[in-house]
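First the structure, in the form of structure tokens, and then the observations on it.
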Amino acid sequence: DLRSDTTGSIIYRRKVKHKRLYWGLNFTPTYTVYHQQQFDFLQMDVSPSAKFTWRDTDFSANYSYSQTDSVLVKRNYNKSNSVYMDAVRRFKMRSLLPFLTAKEQRRSIPSQLRVNGNYRTFQADTAPAYDSNTYSVGALINQGSSSGWSWGVNYNYSNNQNVKPIGNDFAYSSHAVNFRLSKNIAPNLDANVSYGFVYSAYAHPDSVTKFTEYRVNKLHLLSAGLNYAVND
């Protein structure tokens, strides 16, 4: 098929005078046309957000609404609502991986802690089996030192509950852990490696096996990279 996409965005940001408070709004429409089969999609995304600082902790909140419709056949396809919140605090603490830290810095090392939560509802008019409510919570901690090493560990828990019984095959909960390690090799060069593991357990027996077996997925992720800065 021959497909064409047209997209645009309006982004507004504002800082409240004399306060550490920011708010904004994103609006992004996307129009997609499949010319040979003669159908289209119009997706509208609206996302207001706010960020503020209280007691040396940065808080942010974001609400997103997305709706996909068809213009040619006048049909609704899906819509979703999601709310995301997180809190980030930067401080100094004892090194949790002292063998990567210079001796004089092990008692007090720059650290960052982030916690977050997300809730999302999804409704598909053409495929009600995918109607779902999903929530997730997570936490991240990372540390860096003058020796050039930095690392971070991230954990996330997700729970997806399908609204209709026909969608029970897709109800699951998952645990995800990711570890990232990086090293500054030269002033303009650093290397990094990361490993992630995701364990997903489905809540109901799978219809493909005539409702006799529970599905479990295990995903391993490994990546490595080099970053080189050409100039300052």
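The values are calculated or read from the model by the stated rules, or taken from the named source; none is laboratory data. This is a predicted model, so every value here is computed, not measured. No Cβ is skipped: glycine too gets one built from the backbone with ideal geometry, and neighbour counts run over all protein chains shown. When the accessible area is computed, the model is the full protein with side chains, heavy atoms only, and any ligands, DNA or RNA have been set aside. Shrake-Rupley method; radii C 1.70, N 1.55, O 1.52, S 1.80 Å.
Details
- Residue tally, condition over 19 Å from the mean Cα position of the chain (by Cα), under 30 Å from Gln112 (Cα atoms) and polar (S, T, N, Q), over region 39-72: 2
- Residue list for region 187-220, filter: open to solvent by 70 Å² or more (accessible area, probe 1.4 Å) and not in a strand (DSSP E or B): Pro187, Val208, Lys210, Phe211, Thr212, Glu213, Tyr214, Arg215
- Region 39-54 residues that are open to solvent by 40 Å² or more (accessible area, probe 1.4 Å), paired with ones that are of a type in the set (A, V, I, L, M, F, W, C) and modelled with pLDDT under 95 (beta carbon under 7 Å, 6 or more apart): Phe39/Leu72; Phe39/Val73; Leu42/Val71; Phe52/Leu21
- Sub-9 Å Cβ pairs linking a first residue in region 117-129 that is at negative phi and part of a loop (DSSP other than H, G, I, E, B) to a second residue that is open to solvent by 50 Å² or more (accessible area, probe 1.4 Å) and modelled with pLDDT under 85, at least 6 apart or interchain, are Asp125/Arg75; Asp125/Asn76; Thr126/Arg75; Thr126/Asn76, ordered by first then second residue.
- Single residue of region 221-232 satisfying the filter (assigned to a loop (DSSP other than H, G, I, E, B) and not β-branched (Val, Ile, Thr)) that is least open to solvent (accessible area, probe 1.4 Å): Ala229
- Among (1) farther than 28 Å from Tyr135 by Cβ; (2) open to solvent by 90 Å² or more (accessible area, probe 1.4 Å); (3) of a type in the set (Lys, Arg) - the single one Arg89 does not satisfy: (1)
- Only residues that are open to solvent by 70 Å² or more (accessible area, probe 1.4 Å) and either over 22 Å from the mean Cα position of the chain (by Cα) or in contact (Cβ under 8 Å) with a residue 60 or more places away in the chain (or both) were counted across region 13-38, and they come to 11.
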